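First comes the structure, then the notes that go with it.
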Amino acid sequence: DLGGGRRRDGLNFAAVAPNTEDRVVTPEGYDQGVVLRWGDPVVPGAPAFDFDRQTAAAQAKQFGYNCDFLGLVPVGRHDEWVLVANHEYTSEEFLFKNWDADNPTREQTEIAWAAHGLSVVRVERDRRSGKLVPKLDRRYNRRITATSEFKVTGPAAGSKLLKTSADPTGTKVLGTLNNCAGGVTPWGTILSGEENFNQYFANAGSVTDPVTKARLARYGLSGAASTRKWERFDKRFDVAQEPNEVNRFGWVVEIDPLDPDSTPVKHTALGRFKHEGANVIIARDGRVVAYMGDDERFDYMYKFVSDEKYKPGNSKHAREHNKKLLDKGTLYVARFTGDSPVAEIDGSGKLPADGEFDGTGEWIPLASGTRSFVPGFTAEEVYVFTRLAADAVGPTKMDRPEDVEPNPRNRRVYAALTNNTDRGKAGKEGATEPNPRLNNRHGHVLELEERRGDNTATSFSWKLLLVCGDPTSPDTYFGGYDKTQVSPISCPDNVAFDNQGNLWISTDGNALKSNDGLFAVPVEGPYRGRVKQFLTVPKGAETCGPVIEDDFVLVAVQHPGEVDGASAANPLSHWPDGGTSQPRPSVVAVWKKDKGRICG
Ligand code: FEO
Ligand code: CA
Ligand code: CA
Ligand code: CA
């Protein structure tokens, strides 16, 4: 039974049942507290949040909108960290009661710019209450927004493809956009993925040059005005006027929260696509490997292997060395091969003849430094138009790769493939063994093991850990575990690991008509595949950014109340402030009432 599993699977909680409540629901014996809400002061001197009188100047000092990835970097004493949060995007109809989509004001636009980006906030754990408490720290606290300065590094820095009238050097970009997931590096910095950057740029439809047009189209750029109409207030968002500005987004950015004066970086060596995030592991030989997903239907999984080795320790010398590791190395894209003739999982509930969705695969090199491995593409073109370069070498079309993250306990890599309702549609690819479900509404989770456990290897084996959905439905698979003993799960998005190596999965877009949530699943031993729900988030919200510490869990509750018919004029959620308040995207901590361990 799911409830009586205490200790036996090392996950010390009873499963939370699916629900549609307008609150965070946690297991029995657990407490919760809101850590930071949209609008809370971040930088000292920030005004208190006032929904009806918000200004751009206030927002630039306050916690941004739609928190997504969360990372904790230890600083100072035990139980003190800097918390870094991504602010993926703004939903203006929820920010402004008087939102008129055809006539945004300059102030509203500048509020939106300031609500994007990242927040860096020092936090402390109060041992007595269990709460995680934000501090208005003068040294560390920082906001990075859509107008903060970034430095472009790596092999495409200074490329003519990145030069604009405002930046003839092609090395200095203002801002980061649509920061979705990310990772904490072994050297204590944050990587953050610029995902759906295309939506901010207008007038791609006016481009006539066929090469440029094809490049824009592959990144989802077409048409006239953008949704938010930022192009009215800054011409860099108008592709017709500033054609290369869009090439300066879609990167993995690195932020050093321990060096508040440092300029954040955009890493061209990791390629340009709709980056979900990037997660780094130190290979046995000391080189570092970053795993990445391109979140689009039928897009690809990537990895980067550094040329140089990680230097251990926290000396300034070691950190400065490590912060350059992602500038020099080789970028690869993944090709998966199945080993069973029948790959589709369907209403018959039949598994492949060998009992598994599994097979082998290879990492196909795209570029290394100034050297391109893709015929017809210069190295610069591989980095700036990575999707098109990858198309030329035949990688496997995946069902929307979201987080792709190595498990530090077993070195295997876990990929959340969130869903793909286009699989099998007319003119689209059908079932393949790594993506075995047509009209894949619920997504799946793939486990990849590099050859000989060497993360720098160019070949691997893989198997599906989960084919998500309602476990009573035959087209689901839970690692071979008894499906009567698992929690339903749909649309895996972010992944994380606890100190025991259990996989934690947060969901976005639950297609089972209940709220999104956070789940834990062992990947080793007799409980492998037993998915157990840890919490649910309020209605309309997605669960993001899970951080799994031994004795508390952090989640970002993104876009609470974003349900059909809702807006700031008609809020259908009042979480977290209650009463008749507007919903506010927020970070929540959850811990055991007895302050005990959540796992192990
Ligand atoms: Fe922003 Fe792919 O989720
Ligand atoms: Ca098989
Ligand atoms: Ca995501
Ligand atoms: Ca998502």
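The values are calculated or read from the model by the stated rules, or taken from the named source; none is laboratory data. These figures come from a predicted structure and were not determined experimentally. Backbone-built Cβ (ideal geometry, glycine too); neighbour counts: all protein chains shown.
Summary of values
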| item | result |
| --- | --- |
| For residue 422: the one exception among (1) in a loop (DSSP other than H, G, I, E, B); (2) more than 16 Å from ligand 4 (Cβ to nearest atom); (3) modelled with pLDDT of 95 or more | (2) |
| Candidates 359, 369, 329 - the one that is among the small types (Gly, Ala, Ser), under 26 Å from residue 427 (Cα atoms), away from ligand 3 (no atom under 16 Å from the Cβ) and at pLDDT 95 or above | 359 |
| Complete set of residues in region 466-510 that are assigned to a loop (DSSP other than H, G, I, E, B), within 16 Å of ligand 1 (Cβ to nearest atom) and either free of Cβ contacts under 8 Å to residues at least 24 places away in the same chain or touching a Gly at 6+ places or on another chain (Cβ under 8 Å) (or both) | 468, 490, 491, 510 |
| Residue 169 vs. criteria among the β-branched types (Val, Ile, Thr) and part of a helix (DSSP H, G or I) | no |
| Answer from 236, 284 - the residue that is in contact (Cβ under 8 Å) with a residue 40 or more places away in the chain, more than 20 Å from residue 406 (Cα to Cα) and surrounded by fewer than 24 Cβ atoms within 10 Å (Cβ to Cβ) | 236 |
| Which numbered condition residue 403 misses (of (1) more than 16 Å from ligand 3 (Cβ to nearest atom); (2) under 26 Å from residue 246 (Cβ atoms); (3) in contact with a Gly (Cβ under 8 Å, 6 or more places away or on another chain)) | (1) |
| Number of the exception - residue 241 against (1) over 15 Å from the mean Cα position of the chain (by Cα); (2) within 15 Å of ligand 1 (Cβ to nearest atom) | (2) |
| Conditions (1) buried (at least 16 other Cβ atoms within 10 Å of the Cβ); (2) not in a strand (DSSP E or B); number of the one not met by residue 193 | (2) |
| Residue satisfying condition, being under 28 Å from residue 338 (Cα atoms), modelled with pLDDT of 95 or more and within 16 Å of ligand 2 (Cβ to nearest atom), within set 486, 523, 467, 495 | 467 |
| Region 568-589, subset part of a loop (DSSP other than H, G, I, E, B) and hydrophobic (A, V, I, L, M, F, W, C), residue nearest to residue 22 (Cα to Cα) | 575 |
| Checking residue 199 against (1) under 26 Å from residue 497 (Cα atoms); (2) out of contact with any Leu (no Cβ under 6 Å at 6 or more places or on another chain); (3) within 16 Å of ligand 4 (Cβ to nearest atom), the condition it does not meet | (1) |
| Pairs, first over 18 Å from residue 270 (Cβ atoms) in region 241-253, second at pLDDT 95 or above and among the aromatic types (Phe, Trp, Tyr), C-beta under 9 Å, six or more apart | 245/201; 245/237 |
| Residue selected from region 158-186 under the condition farther than 21 Å from residue 211 by Cβ, surrounded by 17 or more Cβ atoms within 10 Å (Cβ to Cβ) and among the aliphatic types (A, V, I, L, M), by the criterion nearest to ligand 2 (Cβ to nearest atom) | 181 |
| Some residue of region 249-260 being over 28 Å from residue 316 (Cβ atoms), crowded, with 18+ Cβ neighbours inside 10 Å and away from ligand 3 (no atom under 16 Å from the Cβ) | yes |
| Answer residue from region 437-461, given it is of a type in the set (A, V, I, L, M, F, W, C) and closer than 18 Å to residue 492 by Cα and is nearest to ligand 3 (Cβ to nearest atom) among those | 445 |
| Residue within region 331-347 that is touching a helix residue (DSSP H, G or I) at 6+ places or on another chain (Cβ under 9 Å) and either farther than 30 Å from residue 139 by Cβ or within 16 Å of ligand 1 (Cβ to nearest atom) (or both) present | yes |
| Tally, over region 55-100, of residues that are on the phi > 0 side of the Ramachandran plot and either crowded, with 19+ Cβ neighbours inside 10 Å or within 16 Å of ligand 2 (Cβ to nearest atom) (or both) | 1 |
| All positions within region 21-32 that are in contact (Cβ under 8 Å) with a residue 40 or more places away in the chain and surrounded by fewer than 18 Cβ atoms within 10 Å (Cβ to Cβ) | 21, 29, 31 |
| Failed item in (1) in contact with a helix residue (DSSP H, G or I) (Cβ under 9 Å, 6 or more places away or on another chain); (2) within 21 Å of residue 586 (Cα to Cα); (3) not basic (Lys, Arg), with residue 11 passing the rest | (2) |
| Close pairs from region 341-353: first farther than 17 Å from residue 429 by Cβ and exposed (fewer than 13 other Cβ atoms within 10 Å of the Cβ), partner at pLDDT below 85 and of a type in the set (Val, Ile, Thr), Cβ under 8 Å, at least 6 apart | 350/342; 353/342 |
| Positions within region 197-220 being part of a loop (DSSP other than H, G, I, E, B), within 16 Å of ligand 1 (Cβ to nearest atom) and buried (at least 19 other Cβ atoms within 10 Å of the Cβ), in sequence order | 219 |
| Complete set of residues in region 335-383 that are among the hydrophobic types (A, V, I, L, M, F, W, C), assigned to a loop (DSSP other than H, G, I, E, B) and either in contact with a His (Cβ under 6 Å, 6 or more places away or on another chain) or within 16 Å of ligand 2 (Cβ to nearest atom) (or both) | 342, 343, 345, 351, 353, 357 |
| Residue that is surrounded by the most Cβ atoms within 10 Å (Cβ to Cβ) [pool: residues in region 354-367 that are out of contact with any Gly (no Cβ under 7 Å at 6 or more places or on another chain) and of a type in the set (Gly, Ala, Ser)] | 367 |
| Identity of the residue in region 514-526, in contact (Cβ under 8 Å) with a residue 12 or more places away in the chain, of a type outside the set (Gly, Ala, Ser) and out of contact with any helix residue (DSSP H, G or I) (no Cβ under 9 Å at 6 or more places or on another chain), that ends up farthest from ligand 4 (Cβ to nearest atom) | 524 |
| Residue 414 vs. criteria touching a helix residue (DSSP H, G or I) at 6+ places or on another chain (Cβ under 9 Å), at pLDDT 95 or above and of a type in the set (Ser, Thr, Tyr) | no |
